[in-house]
């Protein structure tokens, strides 16, 4: 048992279950970043939290994880290429700390993937672009802008 300190649900709005964002481009800013160990303890990943800053999905969050330390060098190469894309878009080419990448608007390209654990659809970041390089976020699902393969997948 746990003491709930006189909690009153009448005084708090209930949490609303949110569906994944429709695939498309979103103007967002990196608001949180943290280096964390991988679940198997064999590496580290940079956990990134972006917040949509414009449009109907304003204030929604988008997440990306970049595995920057890992025995699998291809995994690291892909993550470093994605981090390079973020740095180039933001204009900070040699950050000493991830906080240097925070609060700068950029376009986050979002797609969909099926989760391994429960089969439900979830968002997946598919790329980054400079602010103004894409139209505002769509209202319905669609393909990644231009249908181009992101540079880190070429």
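Here, each number is a calculation from the coordinates, and none is a lab measurement. Because the structure is a prediction, the values reported are computed rather than measured. Glycine gets a Cβ as well: all are built from the backbone with ideal geometry, and neighbour counts include every protein chain shown.
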Order of 56-69, 17-30 by packing, highest average Cβ count within 10 Å first? 17-30, 56-69
So the label point goes 7 Å from the Cα of residue 131 along Cα→C-beta, right? Which residues of region 1-28 then have their backbone N under 13 Å from it? 27-28
Folded to 0 to 90 degrees: helix 73-90 orientation relative to the chain principal axis, Cα: 90 degrees
Per the helix-only calculation at 222 nm, which mean residue ellipticity applies to the chain, given -39500 (n - 2.57) for every DSSP H run of n ≥ 4 and division by its residues, nearest 500 deg cm²/dmol? -4000 deg cm²/dmol
In whole Å, what are the Cα extents of the chain along the three principal axes, biggest one first? 54, 39, 33
For the chain, what's the relative contact order in percent, using C-alpha pairs closer than 8 Å and at least 6 residues apart? 28 percent
In nm, to one decimal, how far is the modelled label at residue 61 from the one at residue 102, with both set 7 Å along Cα→Cβ? 1.4 nm
How big is region 1-76 on each of its three principal axes, counting only the C-alpha atoms and giving the largest first in Å? 52, 41, 20
Sorted largest first, the C-alpha extents of region 60-117 along its principal axes in whole angstrom are 35, 32, 15
Simple spin-label model, 7 Å along Cα-to-Cβ: residue 76 to residue 54 in nm? 3.8 nm
